[in-house]
Amino acid sequence: MAWTAITNEVSYLPGLLYVGAIFWTLGYDTIYGLQDASDDEVIGVKSTAIKFKNNLNLFLGICYLTSSILMFLVMINLKITYFLIFLIIFMVSLLYQIRIYNTKDPERCLRAFRLNNLSGLSIFLLFFLTANSNQWN
């Protein structure tokens, strides 16, 4: 709704951004859920951390790659010229999360999860700087 109000047009781009955010959330929520996955299994909680425990790197990779591709498509369609800097920061932070989490070490899972502050900051700055430069008008 805000997109339409600002740009006076209906577009698929907010939908792409939304789906990208869903896949990003699936990834970081899975890492967050790893902290107590063994307790969750005992009490019967259903989570992606438990469901994909045998293929976590694949699942996280697919979620984060899908999110990155969708973010890329949004940025390229908005003709944001300097988006690669922020997208690289976003992607490196996601890849680093996959690299450092450890299913047997809740502290490392929390550290990986907290890296999403950097991921979110990079995407926020990208859109904030773009909106303030009136590049969409």
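The values are calculated or read from the model by the stated rules, or taken from the named source; none is laboratory data. From a predicted model like this one, the values you see are computed outputs, not experimental measurements. Positions of Cβ are generated from backbone atoms using ideal geometry, with glycine treated the same way; all protein chains shown enter the neighbour counts. Side chains are part of the model used for accessible areas, which takes the heavy atoms of the whole protein and leaves out ligands, DNA and RNA. Shrake-Rupley method; radii C 1.70, N 1.55, O 1.52, S 1.80 Å.
Each residue in the range 91-104 was checked for being outside any helix (DSSP H, G or I) and surrounded by fewer than 19 Cβ atoms within 10 Å (Cβ to Cβ), and 3 of them qualify. Can you confirm whether the range 79-90 contains a residue that is within 18 Å of Gly15 (Cα to Cα) and part of a loop (DSSP other than H, G, I, E, B)? Yes, some residue in the range 79-90 is within 18 Å of Gly15 (Cα to Cα) and part of a loop (DSSP other than H, G, I, E, B).
What about Leu70, is it in a helix (DSSP H, G or I), closer than 26 Å to Ala2 by Cα and in contact (Cβ under 8 Å) with a residue 24 or more places away in the chain? Yes: the conditions hold for Leu70.
Within the set Leu70, Leu60, Leu56, the sole residue that is within 13 Å of the chain's Cα centre (by Cα), open to solvent by less than 30 Å² (accessible area, probe 1.4 Å) and more than 14 Å from Phe113 (Cα to Cα) turns out to be Leu70. Report yes if some residue within the range 32-44 is open to solvent by less than 60 Å² (accessible area, probe 1.4 Å), modelled with pLDDT under 95 and closer than 21 Å to Ala131 by Cβ; otherwise report no. No, the conditions are met nowhere in the range 32-44.
Going residue by residue through the range 105-113, is there one that turns out to be modelled with pLDDT under 90 and either out of contact with any Leu (no Cβ under 9 Å at 6 or more places or on another chain) or surrounded by fewer than 19 Cβ atoms within 10 Å (Cβ to Cβ) (or both)? Scanning the range 105-113, I find no residue that is modelled with pLDDT under 90 and either out of contact with any Leu (no Cβ under 9 Å at 6 or more places or on another chain) or surrounded by fewer than 19 Cβ atoms within 10 Å (Cβ to Cβ) (or both), so the answer is no. Going through (1) more than 26 Å from Asp36 (Cα to Cα); (2) over 15 Å from the mean Cα position of the chain (by Cα); (3) open to solvent by less than 30 Å² (accessible area, probe 1.4 Å) one by one, Thr81 falls short only on (3).
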